[in-house]
Amino acid sequence: MNKLKFLSESLKNLKTVGTVTRSSQFLCEKMVSYVDFENSMLIVELGAGDGVITEHILKKMRPDAILLAFEVNPKFCENIRKSISDPRLIVVEDSAEKVPEYLAKHGHKQIDNVVSALPFVSLPDELGDSIVRTCKDLMKDGGRFVQVHYSLLTRKLYERIFGEIDIHYEVRNIPPAFVLVAEK
Ligand SMILES: C[S@@+](CC[C@H](N)C(=O)[O-])C[C@H]1O[C@@H](n2cnc3c(N)ncnc32)[C@H](O)[C@@H]1O
């Protein structure tokens, strides 16, 4: 999806999208650099948008792994389906709170890693708490929850659920972004 279309779709849905620019190549690369792809058979992406991080995940994923990518915006889902053709990708046009339901539906019990761009700052607190907690419960020991944010306002959410987290910074993005890495 080009920048203008992303901008227009974001402006129409600012509260759920949480930004007006898609993640830069540098930010996408930084996000996926914290994922152990060698030992990941099932990766969950939350808030896939137009698929910009999705493509980076698929590039690094094992040939026999599966990516479940959750996105609530129908236009973004349509764009992913049109632009990415990869049998390892399952686009879930539904809310991230339904991760357990879709995991079971596709015959999986455990998540190896989560990559998320969900705008937790603008989602209700209880919803954010429940999504992160549910993912942690389903993740393997040692699995990582990698999250992008434009501020550290929600840092406590991850600390409360995972304990200590690592925080990285990518300046080559508009706006500059934090990458939070929590390990189970
Ligand atoms: C900050 S954008 C990130 C888009 C893209 N991954 C990127 O990095 O450019 C957040 C995305 O989360 C989606 N989203 C918001 N709430 C959601 C939910 N409950 N479940 C799934 N996706 C959601 C929005 O529609 C939006 O596309």
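The values are calculated or read from the model by the stated rules, or taken from the named source; none is laboratory data. All of these numbers come straight from a predicted model, not from anything done at the bench. For neighbour counting, all protein chains shown are included, and Cβ atoms are generated from backbone atoms with ideal geometry for every residue, glycine included. The accessibility values were calculated without ligands, DNA or RNA, using every heavy atom of the protein model including side chains. Shrake-Rupley method; radii C 1.70, N 1.55, O 1.52, S 1.80 Å.
Just to verify a result, which residue in the range 22-37, among those that are over 27 Å from His108 (Cα atoms), of a type outside the set (D, E, K, R) and open to solvent by 20 Å² or more (accessible area, probe 1.4 Å), is nearest to the ligand (Cβ to nearest atom)?
Ser24
Is it the case that Glu101 is in contact with a helix residue (DSSP H, G or I) (Cβ under 8 Å, 6 or more places away or on another chain) and modelled with pLDDT of 95 or more?
The answer is no for Glu101.
Just checking, which of Leu7, Leu58, Leu11, Leu67 is in contact with a Lys or Arg (Cβ under 8 Å, 6 or more places away or on another chain), more than 10 Å from the ligand (Cβ to nearest atom) and assigned to a helix (DSSP H, G or I)?
Matching residue, one of Leu7, Leu58, Leu11, Leu67: Leu58.
Test Val132 against the stated conditions and say whether it is outside any helix (DSSP H, G or I) and buried (at least 20 other Cβ atoms within 10 Å of the Cβ).
So Val132 does not fit the description; no.
Of the numbered conditions (1) under 21 Å from Asn113 (Cβ atoms); (2) in a loop (DSSP other than H, G, I, E, B); (3) within 11 Å of the ligand (Cβ to nearest atom), Thr19 fails exactly one; give the number of that condition.
(1)
Any idea which of (1) open to solvent by 80 Å² or more (accessible area, probe 1.4 Å); (2) more than 19 Å from Lys140 (Cα to Cα); (3) assigned to a loop (DSSP other than H, G, I, E, B) is the one Lys109 doesn't satisfy?
Result: Lys109 passes all but (2).
Give me the residue from the range 86-116 that is within 14 Å of the ligand (Cβ to nearest atom) and in contact (Cβ under 8 Å) with a residue 40 or more places away in the chain and, out of that set, nearest to the chain's Cα centre (by Cα).
Ser116
Of Ser40, Ser83, Ser10, which residue is among the hydroxyl-bearing types (Ser, Thr, Tyr), open to solvent by less than 30 Å² (accessible area, probe 1.4 Å), more than 23 Å from Val171 (Cα to Cα) and more than 12 Å from the chain's Cα centre (by Cα)?
Answer to the check: Ser40.
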